[in-house]
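Report on one structure; see the data block that follows.
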Amino acid sequence: MPTGVHLRDARQQLFDAAERVLLRDGPHALTSRAVTEEACCAKGVLHRHFADFDAFLTALVLDRSARLRAQARELREAVGTGTGTVTDHLTEALTTFFGPVPVAIIPLVTFREELRARLRRAAPGGGPAILAQITEAVAAHLSEERDLGRVAADADIDSLALSLVGGGHLLFADRDSGPPAREAVRQLVATVLADVVRRRPD
């Protein structure tokens, strides 16, 4: 393994290498050696930038969580637009939120106690757990759609968001069969929202 490889943006290249390992081999294969071998650099490169491997994983999750926040902003900007129904927007949102990387990070956070503890310290209030972020984004979208009258005034937003995110996670978490068909995601959203969404006339 080369020891003199220069990484122009070492942190980002290490994050990208970890992402590739995570997607290809799963969370249990994600070790400091696997990351540095994937990045074609010496193991010491990782430890020059991070105190230990859990510090690296914390930074990785925070970095990928920032991407989810950007996607959540896009979802909120779609509120009330004429380019699609509430069901259309949330189908698109779940498909985006439950991309391969977030789906792979969820079990990584779930099964590493020290990582969860560090994330809680980095972001008091529970940390940037991927499922919590997605649930918050979906609930915010539903609340704004309710304010615009496209979702029933008496809709239980928290329960709807939990149902959508829980069901979405189950659809996307099966790594062997690949991501679900878009129609399956849309059917889930339509079923959950059936009693609260104002339908457009044909």
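Observations on the model:
- Positions within the range 19-43 being open to solvent by less than 40 Å² (accessible area, probe 1.4 Å), more than 13 Å from I105 (Cβ to Cβ) and in a helix (DSSP H, G or I), in sequence order: A29, S32, A34, V35, T36, A39
- Residue in the range 160-172 that is over 17 Å from T91 (Cα atoms) and out of contact with any Leu (no Cβ under 8 Å at 6 or more places or on another chain) present: no
- Scan of the range 1-40 for residues that are over 16 Å from L57 (Cα atoms), modelled with pLDDT under 90 and not polar (S, T, N, Q), ordered by number: M1, P2, G4, V5, H6, L7, R8, D9
- Any hit, the range 177-193, residues being farther than 22 Å from R64 by Cα, of a type in the set (V, I, T), out of contact with any Leu (no Cβ under 8 Å at 6 or more places or on another chain) and at pLDDT 90 or above: yes
- Verdict on D195 being farther than 30 Å from F53 by Cβ and out of contact with any Ser or Thr (no Cβ under 9 Å at 6 or more places or on another chain): yes
- For the range 141-161, a residue qualifies if it is at pLDDT below 95, part of a helix (DSSP H, G or I) and open to solvent by 30 Å² or more (accessible area, probe 1.4 Å), and the qualifying residues are S143, E144, R146, D147.
- Any hit, the range 76-92, residues being modelled with pLDDT of 90 or more and under 18 Å from R20 (Cβ atoms): no
- Failed condition for Q71, given (1) open to solvent by 50 Å² or more (accessible area, probe 1.4 Å); (2) within 22 Å of L30 (Cα to Cα); (3) in a helix (DSSP H, G or I): (2)
- Restricting I134, I157, I106 to those that are within 15 Å of D63 (Cα to Cα), of a type in the set (V, I, T) and out of contact with any Asp or Glu (no Cβ under 8 Å at 6 or more places or on another chain) reduces the list to I106.
- Residue check for G84: surrounded by fewer than 14 Cβ atoms within 10 Å (Cβ to Cβ), in contact (Cβ under 8 Å) with a residue 40 or more places away in the chain and out of contact with any Pro (no Cβ under 6 Å at 6 or more places or on another chain): no
The values are calculated or read from the model by the stated rules, or taken from the named source; none is laboratory data. Not measured: the values here are computed from a predicted model. Cβ: placed from backbone, ideal geometry, glycine included. Neighbour counts: every protein chain shown. Side chains are part of the model used for accessible areas, which takes the heavy atoms of the whole protein and leaves out ligands, DNA and RNA. Shrake-Rupley method; radii C 1.70, N 1.55, O 1.52, S 1.80 Å.
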